[in-house]
Amino acid sequence: MKDKLRLYGLDPVPKNLDEAVKIQKLLRSKILLKDLFEKINLIGGVDVSYKENRAKACVVVFSYPDLKFLEHKEEMCLVDFPYIPGFLSFREIPPLIKALEKLNNFPDLIMCDGQGIAHPRSMGIATHLGVLLDIPTIGVAKSKLVGSFKEPKDEKGSWEPMIYRNKVVGAVVRTKKGVKPLFVSPGHKISLKTAIEFVINTTTKYKTPEPIRMAHLYSKE
């Protein structure tokens, strides 16, 4: 798996915020928000947990649509980039790439515990990862980063658009009756409508889609 940032002449870990913004702007110009895939047979879920200055990245893979668990891989490493809201992907991308490279079954689509284009510069973790790997990605977060919205109806599958700077950047989706909604935004190579469908279709008895839920559990072990 080639490092796309190096192909663009940029270091994967920026030396300062100006360089980080430059990387985000470059990658933003390559975002595609259309369903640019044929069939999704494998869905991955990724999450990263931290302990002091170390990050543990986990990726799980499920078959789709039957949601059979296939495998999980992980990577633990030192964190090279400080915690700065809006730039978290620079902390999480390096270990996630290493964990993904270990997979025997590489996913056709990846769900990320975080934002897609619902981000000040449209570059949440799902978008950042999707553009680098050039595959469909979806951001699924438990809280909003940007935007305004109406509360969706209290039934599974209900959703309301999330508006930021007069644009729809995602949706507030009720994945389970009687629980708080999730914040879904497309990352790359997928439309918002289809992203919502995948989130609903991969949510079972818990409110979080199974790929992300399992990645989170493994990252906390």
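Structure data summary
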read-out	value
Order of GLU52, GLU101 under a 10 Å beta carbon neighbour criterion, fewest first	GLU52, GLU101
Taking MET123, MET214 and counting other C-beta atoms within 10 Å, the order from fewest to most	MET214, MET123
Dipole-positive endmost among THR127, PRO107, SER158 within region 104-159 (Cβ charges, Cα centre)	SER158
Spatial extent of region 24-90: Rg and Dmax, with the Cα atoms as the point set, Å	15.7, 42
The chain: calculated mean residue ellipticity at 222 nm from DSSP helix runs of at least 4, using -39500 (n - 2.57)	-8000 deg cm²/dmol
Spherically averaged projected area of region 44-165 from its Cα convex hull (nm²)	8.6 nm²
Region 125-183: radius of gyration and largest Cα-Cα distance (Dmax), Å	12.6, 37
Quarter of Cα convex hull surface for region 107-154, i.e. mean projection, nm²	4.0 nm²
Set LYS68/LYS193; LYS34/LYS180; LYS51/LYS102; LYS15/LYS51 screened for pairs whose C-alpha atoms are more than 26 Å apart	LYS34/LYS180
Residue-by-residue Karplus 3J(HN,Hα) for region 29-37, coefficients 6.51, -1.76, 1.60, Hz, glycine and proline x	5, 10, 5, 10, 10, 10, 7, 9, 7
Sequence-separation-based contact order of the chain, relative, with Cα cut under 8 Å and 6+ spacing, percent	22 percent
Which of CYS112, CYS58 has the fewest Cβ neighbours within 10 Å, and the rest in rising order	CYS58, CYS112
Bridge type composition, the chain - antiparallel percent by DSSP, nearest 5	80 percent
Cut-off 12 Å between beta-carbons: net charge of the residues surrounding VAL169, Lys and Arg +1, Asp and Glu -1	+4
For the chain, the spread of Cα positions along each principal axis, largest first, Å	46, 41, 37
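Laboratory data are not the source of any read-out in this text; all were calculated from the coordinates shown. Since this is a predicted model, take the numbers as computed values, not measurements. Please note: Cβ atoms are built from the backbone with ideal geometry, for glycine as well, and neighbour counts cover all protein chains shown.
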